[in-house]
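Below: the structure, in structure tokens.
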Amino acid sequence: MSQNPTERLEEVKDRIKRAAERASRNQDDVLLLAVSKTKPESDIMELYRAGQRDFGENYVQELTAKREHLPEDISWHMIGHLQRNKVKYIAPFIAMIHSVDSPELAETIEKEAAKNHRVIPVLIEVNVAGEDSKFGVSPENAPALADTVMKLPHVLLKGFMTSAPMTDNPENVRCVFRQLRQLTVDMNLKNNNNEKVDFLSMGMSGDYEVAVEEGSTCVRVGTALFGERDYGPAN
């Protein structure tokens with residue numbers, strides 16, 4: 001692996017391009033989201049200077065603290081589990097919330113978005129593999145939550161997000177990505193008169209190439225860009 005974030009960024013982009021080509025897709029249809037949780041602002045700025053503008057954070061407090069000191073044109077994405085009482089802190093600026101997993105959270109986002117005169121793009125988090133350790137609704141319950149979200153005037157449902165199980169062989173989780181993509185296909189057939197719901201946030205450092213091959217439109221890459229994380233006692 002390359003030794004610094006800028007070199008890693010080019011390597012990841014190249015791998016995304018090749019994966020897209022294998023699936024007869026355009027690399028430009030895949031958003032690279034740099035997952036910067038626990039990483040210092042200096043690392044984020046190195047990627048920023050190399051042209052990266054989309055960054056994802058897991059914790060509201062860390063996200064808002066970094067945003068205060070970093071360039072205003074960064075698009076911040078909330079990708080971690082979001083508590084309802086924290087929505088108000090990110091509602092004024094967040095580019096997208098990837099982790100909507102309940103009607104109650106969606107309704108809170110609606111309320112805070114309205115206060116800020118915004119329409120906030122969101123994704124429904126789907127626990128495709130049914131892992132107890134992960135948040136998200138089941139694939140069976142995702143359509144009902146989607147119907148609820150699509151009725152909210154200040155919340156724009158763009159698609160779905162999932163995290164595949166950890167594995168040494170990405171081929172083992174190809175079926176997870178394929179199932180989430182099928183969910184969007186089924187939804188769009190059902191809602192053929194409405195705006196397409198086709199944003200798929202799936203694929204991380206260990207499996208993003210397979211995710212791109214299976215239709216991901218957003219890969220959430222941390223370790224492959226920043227290197228291994230040093231999780232302190234608080235995390």
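The values are calculated or read from the model by the stated rules, or taken from the named source; none is laboratory data. For clarity, every value in this text was computed on a predicted model and none was experimentally measured. So basically every Cβ, Gly included, is an ideal-geometry build from the backbone, and we count neighbours across all protein chains shown.
Before moving on, here are some points about what is shown:
- The listed residue being closer than 18 Å to Gln182 by Cα and small (Gly, Ala, Ser), out of Ala146, Ala65, Ala114: Ala146
Residues checked against (1) within 17 Å of the chain's Cα centre (by Cα); (2) of a type in the set (A, V, I, L, M, F, W, C):
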site: Glu7; (1), (2): no, no
site: Glu10; (1), (2): no, no
site: Asp14; (1), (2): no, no
site: Ala34; (1), (2): yes, yes
site: Ser42; (1), (2): no, no
site: Leu47; (1), (2): no, yes
site: Glu62; (1), (2): yes, no
site: Glu68; (1), (2): no, no
site: Glu72; (1), (2): no, no
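- Count - residues of segment 117-131 that are outside any strand (DSSP E or B) and more than 16 Å from Val87 (Cβ to Cβ): 5
- Just one of the numbered conditions (1) of a type in the set (Gly, Ala, Ser); (2) in contact with a Ser or Thr (Cβ under 9 Å, 6 or more places away or on another chain); (3) under 15 Å from Pro139 (Cβ atoms) is not true of Ala164: (2).
- Scanning segment 62-73 for any residue that is touching a Phe, Trp or Tyr at 6+ places or on another chain (Cβ under 6 Å) and β-branched (Val, Ile, Thr) turns up at least one such residue.
- Segment 127-136, residues that are surrounded by 15 or more Cβ atoms within 10 Å (Cβ to Cβ) and small (Gly, Ala, Ser): Ala129, Gly136
Let's see how each residue does on (1) crowded, with 22+ Cβ neighbours inside 10 Å; (2) closer than 26 Å to Glu195 by Cβ; (3) in contact with a strand residue (DSSP E or B) (Cβ under 7 Å, 6 or more places away or on another chain):
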{"position": "Glu57", "(1), (2), (3)": "yes, no, yes"}
{"position": "Glu62", "(1), (2), (3)": "no, no, no"}
{"position": "His81", "(1), (2), (3)": "no, no, yes"}
{"position": "Lys88", "(1), (2), (3)": "no, no, no"}
{"position": "Ser102", "(1), (2), (3)": "no, yes, no"}
{"position": "Ala106", "(1), (2), (3)": "yes, yes, yes"}
{"position": "Arg118", "(1), (2), (3)": "no, yes, no"}
{"position": "Glu125", "(1), (2), (3)": "yes, yes, yes"}
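- The helices (runs of 4 or more DSSP H) found wholly in segment 132-235 and carrying at least 3 residues that are without any contact (Cβ under 8 Å) to a residue 60 or more places away in the chain occupy 142-149, 174-190.
- The set of residues in segment 90-100 that are surrounded by 18 or more Cβ atoms within 10 Å (Cβ to Cβ) and aliphatic (A, V, I, L, M) comprises Ile90, Ala91, Ile94, Met96, Ile97, Val100.
- Meets criteria (at pLDDT 95 or above, surrounded by fewer than 20 Cβ atoms within 10 Å (Cβ to Cβ), of a type in the set (A, V, I, L, M, F, W, C) and under 16 Å from the mean Cα position of the chain (by Cα)) for Leu156: yes
- Qualifying residue in segment 188-195 (condition: in contact with an Asp or Glu (Cβ under 8 Å, 6 or more places away or on another chain) and modelled with pLDDT under 95): yes
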